[in-house]
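The structure appears below as structure tokens.
The values are calculated or read from the model by the stated rules, or taken from the named source; none is laboratory data. All values derive from a computational prediction rather than experimental measurement. Cβ atoms come from the backbone with ideal geometry, glycine included; neighbour counts cover every protein chain shown.
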Amino acid sequence: MWKVNPPVKDYYAVIFSSTKSDHLDGYEEMDELTMKLAYEQEGFLGYESSSNGPKGIFISYWQSMNDINVWRNNMTHIQAKSNARQWYKRYLSQICKVEHSHLFEAE
């Protein structure tokens, strides 16, 4: 779900792999709200995600580390993160610099 085609190089990926818990009260509403706010944030390029039952990988793409840091300090995002130990059994968050990108899409 890219806002625009991915840049060829020099952007960032935040990889969030997780296993959800059984305690998901408020999760869907917060997920919808944070996605809406991320799309509105300057520097947000898009995302990709995949899930299999409670396990999932969510990758968000950002133009710069500064844009990621602004998102980290977004009050709604901070509020969402405060529920992480309720909503997840496990999660791992990683930030990577993308030095090369190639997109293929069959017509």
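Take the stretch 1-29 and flag every residue that is of a type in the set (A, V, I, L, M) and either modelled with pLDDT of 95 or more or surrounded by 12 or more Cβ atoms within 10 Å (Cβ to Cβ) (or both).
Val8, Ala13, Val14, Ile15, Leu24 - these are the residues of the stretch 1-29 that are of a type in the set (A, V, I, L, M) and either modelled with pLDDT of 95 or more or surrounded by 12 or more Cβ atoms within 10 Å (Cβ to Cβ) (or both).
For the stretch 85-94, does any single residue satisfy the condition of being loosely packed, with under 14 Cβ neighbours inside 10 Å and among the small types (Gly, Ala, Ser)?
yes
Test of understanding: among Leu24, Leu37, which residue is at negative phi, of a type outside the set (Ser, Thr, Tyr) and outside any helix (DSSP H, G or I)?
Numbers: Leu37 fails: outside any helix (DSSP H, G or I).
None of the others qualify; the one that does is Leu24.
Mind telling me which of the residues Gln94, Gln79 ends up being in contact with a strand residue (DSSP E or B) (Cβ under 7 Å, 6 or more places away or on another chain) and among the polar types (S, T, N, Q)?
From the options Gln94, Gln79, the qualifying one is Gln94.
Examine the stretch 56-65 for a residue that is polar (S, T, N, Q), surrounded by 11 or more Cβ atoms within 10 Å (Cβ to Cβ), free of Cβ contacts under 8 Å to residues at least 24 places away in the same chain and under 23 Å from Val8 (Cα atoms), and state whether such a residue exists.
no
Condition check: surrounded by 11 or more Cβ atoms within 10 Å (Cβ to Cβ), modelled with pLDDT of 95 or more, among the small types (Gly, Ala, Ser) and touching a Ser or Thr at 6+ places or on another chain (Cβ under 6 Å). Does Ala80 satisfy that?
Yes; evaluated as a whole, the condition is true for this residue.
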